[in-house]
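Some notes on the structure that comes next.
Nothing in this text is a laboratory measurement; each read-out follows from the coordinates by a stated rule. Bear in mind the structure is a predicted one, so any value in this text is a computation, not a measurement. Cβ: placed from backbone, ideal geometry, glycine included. Neighbour counts: every protein chain shown.
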Amino acid sequence: MQVAVWRREGRRCRFLSRSGRLLPPRPCDEPLALLAADAAGRFALGVPARLARERRYPVSVRAVDAAGCIGAARRVALTT
């Protein structure tokens, strides 16, 4: 399972890193995907409390199997 969380700033996006911090702005079409599930299929992605309040953060989720086949991405919004 791959997950990307970001905040749009103008024409660029700041993606959430593994440490829970927003990275410097980069092109939105180059997302930084985080591995959210381990080999046993357990899913967990902690979202830090230091994200700005009252904002919407788009979240993109897609499945990747052991053979490397990538499923279609599903996009939802995280509202803080």
**Request:** Report the extension gain between residue 52 and residue 21 in nm, rounded to one decimal, defined as 0.36 nm multiplied by the number of residues separating them, less their alpha carbon distance.
**Result:** 10.1 nm
**Request:** Round to the nearest 0.05 the FRET efficiency obtained for residue 74 and residue 38 when R0 = 22 Å and r is the Cβ-Cβ distance.
**Result:** 0.65
**Request:** Please name which of 39, 23, 4 has its Cα lying farthest along the dipole of the chain towards the positive end, using unit charges on Cβ (Lys, Arg +1; Asp, Glu -1) and the Cα centre as origin.
**Result:** 23
**Request:** Can you put 59, 5, 76, 64 in order of Cβ neighbours within 10 angstrom, beginning with the fewest?
**Result:** 76, 64, 59, 5
**Asked** Roughly how many debye, to the nearest 20, is the charge dipole of segment 2-79 about its Cα centre, given +1 on each Lys and Arg Cβ, -1 on each Asp and Glu Cβ, and no other charges?
**Response** 440
**Request:** Quick one: order 69, 13 by neighbouring beta-carbon count within 10 Å, fewest to most.
**Result:** 69, 13
**Prompt:** From largest to smallest, what semi-axes in whole angstrom does segment 2-79 give when each is the square root of 5 times an eigenvalue of its alpha carbon gyration tensor?
**Reply:** 22, 15, 11
